[in-house]
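**Q** Take this structure first; my questions come after.
The values are calculated or read from the model by the stated rules, or taken from the named source; none is laboratory data. Every value quoted in this text rests on a predicted model; they were computed, and no experiment measured them. Positions of Cβ are generated from backbone atoms using ideal geometry, with glycine treated the same way; all protein chains shown enter the neighbour counts. Note: accessible area is taken over every heavy atom of the protein model, side chains too, but ligands, DNA and RNA are not part of it. Shrake-Rupley method; radii C 1.70, N 1.55, O 1.52, S 1.80 Å.
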Amino acid sequence: MKIVAMILKVEVNLINNFITTFSLPALMILPMVIAIICFVAGNTKLSRLISVISSITLVVICALQAGYVLQQAVAIELIIGGWQPPLGIRLSINEFSAIMLLMTSTIGLAITFYSTQYFDDNEKEVRFWPLWWFLITALNGIFISSDIFNTYIMLELLGLSAVSLIAIQGTQQALQASFQYLLVGLFGSLMYLLGVAIIYRTYGVLDNQLIANLVESNSSMQLALALITLGMMMKCALFPLHFWLPSAHSNASAPVSAMLSALVVKAAFFILFTFWFKILAPVVTFTAVTIMGIFGAMAVIYGSYRAFTSPRLKQLIAYSTVAQIGYLFLAFPLMFTTPDLARTAVIYFIVAHGCAKAAMFLAAGVIQKAMGHDQLSQLQGIASQLPISIFVFAVTSASLIGLPPSGGFIAKWLLLNNAVEAQQWWWVLTLFIGGLLASAYLFRVLNLAFTTPTQENSLTVLAISESKLLGAVGLSVITIIIGLNAMWLTNLITGSY
């Protein structure tokens, strides 16, 4: 027994040593190396194999990191080259970034598996895999960076990878959407960089923690925060700066749409949230967070309305993303009165929406391929032809609407409780209206899917395998699991602050 205990202790020490020392660089090095291998090899079979293996590896690494951070309630930090900031560069993972990394790797695995069976055009697939792994590299870099300039570099890599992934679809609409996204991304990055320049000019440091210790509320920092906010609002498509998102998300290929909606816009929100409530927290006022909350409420209403009136399935899902992003900004005014509860609600909502929206876009991709289009008016009876796709769509719809026992229900319930506890009752009204509108546009799709088509509207569906939706089914199940285990998960997240 003593020998077994000693072996277990050694194993635990080795795992902890890997987590604290080697896991952070692995998050950047592994996907970057895979991207280079896929680019150089140009072989789709090899790219598929190493992509699936690498995705599973990243899930394991991120799960170990999340377990360590949440259970130990301590951040993982690594100083590159041994030089302490401000001369050196710090990488770190706190409870928020650990969950974002785990979500990225999990959704990434589901999309990677889907992508191995998605492409019919070999040339498109050859281009897809290197860009895909550069996108993963950029996302991981944003979540572990503790330096505002390194965050900018990762933000640029993320934008260029996303633009290129949209463009490889090759249609005129996709090329126009990617060019528009490129211009918006460059403008957003420029605003962010101007804000960084002001901060560096004022304090002479770029490290997040050092800035947070030095920052004071003055006109320079207010301008810096305003510029960064404008840039990140464009990148996360907050109303009224959402104009680029519907065309980009609806015209990209299904795996790209899934990653854009589930994670890329969340990366911009993660940066914005970090600046508002950590790096430049002394600059933030209640008036400012209230304005952001109003923008969020407008996004919920407008995005839901446009989703309801959309003629295409992927366009409907894209406008749904505009609405769902709005919910995250409802938490901004709540951070002033109930910060821990509001932060937990934000994290829960990001995970629930990310898993649901990724799975929904993947299901929509199968429907679009089988039908040759995604016109809602011709979806009648599709449930009998593509049952797994409609099952995924139905389960994820329940989460987006906020029906129990889904994770979306818990996230909206946490926001509602926060609003009541903070005595900001007006946000409760937004939550109820948003839920009703989400029910309207999502049940519109499900109603058509289960309606028996008339002889004039007979359904023509190509024979297509739904086996690629295994990962999407897994993401759908996750939305239910995090709803059923809400008490344990919220206590775990809150206890790590």
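**Q** How far apart, in nm, are the 7 Å Cα→Cβ label points at SER219 and ASN485?
**A** Rounded to a tenth, the inter-label distance reads 5.3 nm.
**Q** Please give the per residue accessible area of region 320-398, computed with a probe of 1.4 Å over protein heavy atoms only, in Å². Display every interim value, and only then the final one.
**A** Working: 1660 Å² over 79 residues.
Result: 21 Å² per residue.
**Q** While we're on this one: In nm, to one decimal, how far is the ALA73 label point from the LEU49 one, both placed 7 Å along Cα→Cβ?
**A** So the two model labels end up 4.7 nm from each other.
**Q** At a temperature of 25 °C and a viscosity of 0.890 mPa s, determine how fast the chain diffuses translationally according to Stokes-Einstein, using the Kirkwood radius over alpha-carbon pairs as Rh; express D in µm²/s, rounded to the nearest whole number. Could you put the intermediate results ahead of the total?
**A** On the way: Rh = 22.9 Å.
Translational D for this selection: 107 µm²/s.
**Q** Related question: Where does each of 237-246, 50-59 land if you order them by average Cβ count within 10 Å, highest first?
**A** Packing order, densest peptide first, comes out as 237-246, 50-59.
**Q** Grab the other residues whose beta carbon is less than 12 angstrom from that of PRO246, score K and R as +1, D and E as -1, and report the net.
**A** Values: positive: ARG306, ARG312, LYS314; negative: none.
After counting each charged neighbour, the total is +3.
**Q** Report the paramagnetic label zone for THR309: residues of region 228-259 whose backbone N is under 18 Å from a point 7 Å from Cα along the Cα-to-Cβ axis.
**A** 239-247
**Q** On to the next question. Could you pull the accessible area for ARG312 with a 1.4 Å probe, rounded to 10 Å²?
**A** Accessible surface of ARG312 is approximately 50 Å².
**Q** Put +1 on the Cβ of every Lys and Arg and -1 on every Asp and Glu Cβ in the chain; which of ILE211, PHE443, LEU492 then has its Cα farthest towards the positive end of the dipole?
**A** Checking the options against the dipole of the chain, the answer is PHE443.
**Q** Continuing with this model, one more query. Of all accessible surface on the chain at a 1.4 Å probe, what whole percent is carbon and sulfur? The partial results should precede the final answer.
**A** Working: 13170 of 19470 Å².
Of the solvent-accessible surface of the chain, carbon and sulfur hold 68 percent.
**Q** Could you sort 164-173, 60-69, 344-353, 474-483 so that the peptide with the highest average Cβ count within 10 Å comes first and the rest follow in order? Spell out each step's value before the answer.
**A** Details: 164-173: 17.8, 60-69: 19.8, 344-353: 25.8, 474-483: 21.4.
The packing order, highest mean first, is 344-353, 474-483, 60-69, 164-173.
**Q** Please state the charge dipole magnitude for the chain, taken about the Cα centre, from unit charges on C-beta atoms (+1 on K and R, -1 on D and E), reported in debye and rounded to the nearest 20.
**A** Magnitude of the dipole: close to 240 debye.
**Q** Further question: For the chain, what relative contact order do you get, as a whole percent, if you take Cα pairs closer than 8 Å and at least 6 residues apart? Walk me through the intermediate numbers first.
**A** On the way: 804 pairs, mean separation 72.9, N = 497.
Dividing the mean separation by the residue count of the chain yields 15 percent.
**Q** Pull up the cross-link candidates among the aspartates and glutamates for LYS235, meaning alpha carbon to alpha carbon under 12 Å and not fewer than 8 places away within one chain.
**A** GLU156
**Q** Determine the dipole magnitude for region 300-415: charges of +1 sit on the beta-carbon of Lys and Arg, -1 on that of Asp and Glu, nothing else is charged, the reference point is the Cα centre, and the result goes in debye to the nearest 20.
**A** Values: 7 positive and 2 negative charges, 34 e Å.
Computed about the Cα centre, the dipole is about 160 debye.
**Q** Say R0 is 41 Å: what FRET efficiency, to the nearest 0.05, do LEU186 and THR452 get from their beta-carbon distance? Kindly include the intermediate steps, with their values, before the conclusion.
**A** Details: r = 49 Å, r/R0 = 1.20.
Between LEU186 and THR452 the formula returns 0.25.
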